[in-house]
Amino acid sequence: MILRVRHLSSALLLSLTLLLSACDGGKAPADIREVARQGAYSMRFSANGNELMVGSLHHGASLWSISPPERLIDWNHKADDYSSITSSAFSPEGNFVATTDNRTIVLWARDSGEAVWFWNSPGDIQDIALTSNGSYALLAMADYTATLFDIKNGGIRLRLAHDGTVYDVSVSDNSLLAASASDDLNARIWNLENGKLLHQLKHNNQVKTAQLSADGRLLFTSALNESGKIWDVASGRLLQQIDRTRGHYSAARFSANNSQLLTGNSSGQIELWNTADGTRSQIWRASPRDTWVSNNVLVEDVAFHNDEWLAAGSNGLLYFLR
């Protein structure tokens, strides 16, 4: 069953687009849609940007299409109850979606909308990434590990050891490489077939974001109050540094050919970068929902979509950028 919700009024949308912070100088979004009325725990785009997984603060989890913005499926971990979905992930092909709260994981079949498996976690989950065909889930854990879990059959395949909480994980589309970000001041690149540590990338603060390109050639990392960094995965060499931001870069996505990097930060800026030289070509500002509460919007995720760019904020708004 397809569930539809009413969009924000045109007047409200217009007023939201005009609420820009002068000090940031970003362009207004071309369009805005509400996907979670009172904000979200988590938001995650599919690899092609065609769909968005929303973990709403008060209405559980839902899968949305982007064109047009419509709520397609409601997914919760308990019948007749709303789950607090703190992270989610699409498989590279988009045929499976995984959702987590702090201690449970559910794998969903995208086409049927049915739950494939339900699992309990022995520790708190910070983030999740899926390998090809949804076969394995890489879990960022508070127990100082990134854990590769067989999400279809059960059982732990690998425990990748860290010296602090793991905040973020990503996996290349071919499922051979993984990256992790930890509060032990390091990002790491792993061989996901045997668990071998390939590179340990030192930072000066907690590393909050580690995003691989789809082909596994580039890695973007962000630590608190530091410049963003673009790395060559094969050699572990630092290629480019992009401007330091307030807080940290909370979301990142490479374009299909790796020539561009789209980032969102914890103060509501969305920026488009040229990976060859680290220069910025576009900047937008995510409009806040309630300026009397805060002018800042945590950008949960970003995506390339056809001839435009997308961003999703923790305030429950979907931004179309041109």
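Which longest run of the chain has no exposed loop site in it, a site being GluC sites (Glu not before Pro) in a DSSP loop with at most 13 other beta carbons within 10 Å, and the site itself not part of the run? Walk me through the numbers before you get to the answer.
Working: sites that count: GLU114, GLU193.
So the longest stretch without any such site is 194-322.
Look at the alpha carbon pairs under 8 Å that are at least 6 residues apart: their mean separation over the length of the chain gives a relative contact order of 14 percent.
Quick one: pull the percent of accessible area on segment 184-251 belonging to carbon and sulfur, 1.4 Å probe, ligands and nucleic acids left out. Intermediate results must be reported in sequence, preceding the final value.
Working: 1210 of 2910 Å².
Ligands and nucleic acids excluded, carbon and sulfur give 42 percent.
Each Lys and Arg contributes +1 and each Asp and Glu -1, all at the Cβ; summed about the Cα centre of segment 181-322, the dipole is approximately 240 debye. The helix-only estimate of mean residue ellipticity at 222 nm for the chain, built from DSSP H runs of length n ≥ 4 each weighted as -39500 (n - 2.57), is -500 deg cm²/dmol after division by the residue total.
First compute the accessible area of segment 95-180 with a 1.4 Å probe, then give the percent of it belonging to carbon and sulfur atoms. Carbon-and-sulfur percentage of accessible area, whole number: 46.
Given a 1.4 angstrom probe, what's the average accessible area per residue across segment 68-227, in square angstrom?
40 Å²
Counting only protein heavy atoms and using a 1.4 Å probe, the accessible area of LYS202 comes to about 120 Å². Annotation note: chymotrypsin sites (Phe, Trp or Tyr not before Pro) in segment 282-322 located in DSSP loop regions with a Cβ neighbour count of at most 11 within 10 Å are TRP292.
The label point for LEU198 and the one for ALA276, both projected 7 Å from the Cα toward the Cβ, are 2.4 nm apart.
Given LYS152/LYS208; LYS196/LYS229; LYS202/LYS229, which pairs have Cα atoms separated by over 21 Å?
Values: LYS152/LYS208 28 Å; LYS196/LYS229 23 Å; LYS202/LYS229 11 Å.
Going by Cα-Cα distance, LYS152/LYS208; LYS196/LYS229 fall outside the 21 Å limit.
Excluding ligands, DNA and RNA, the accessible surface per residue across segment 234-285 is 41 Å² with a 1.4 Å probe. Subtracting the Cα-Cα distance of GLU70 and ASN102 from their residue separation scaled by 0.36 nm leaves 8.8 nm.
The values are calculated or read from the model by the stated rules, or taken from the named source; none is laboratory data. These figures come from a predicted structure and were not determined experimentally. Here the Cβ is made from the backbone with ideal geometry for all residues, glycine too, and neighbour counts use every protein chain on show. Heavy atoms of the whole protein, side chains included, go into the accessibility calculation; ligands, DNA and RNA do not. Shrake-Rupley method; radii C 1.70, N 1.55, O 1.52, S 1.80 Å.
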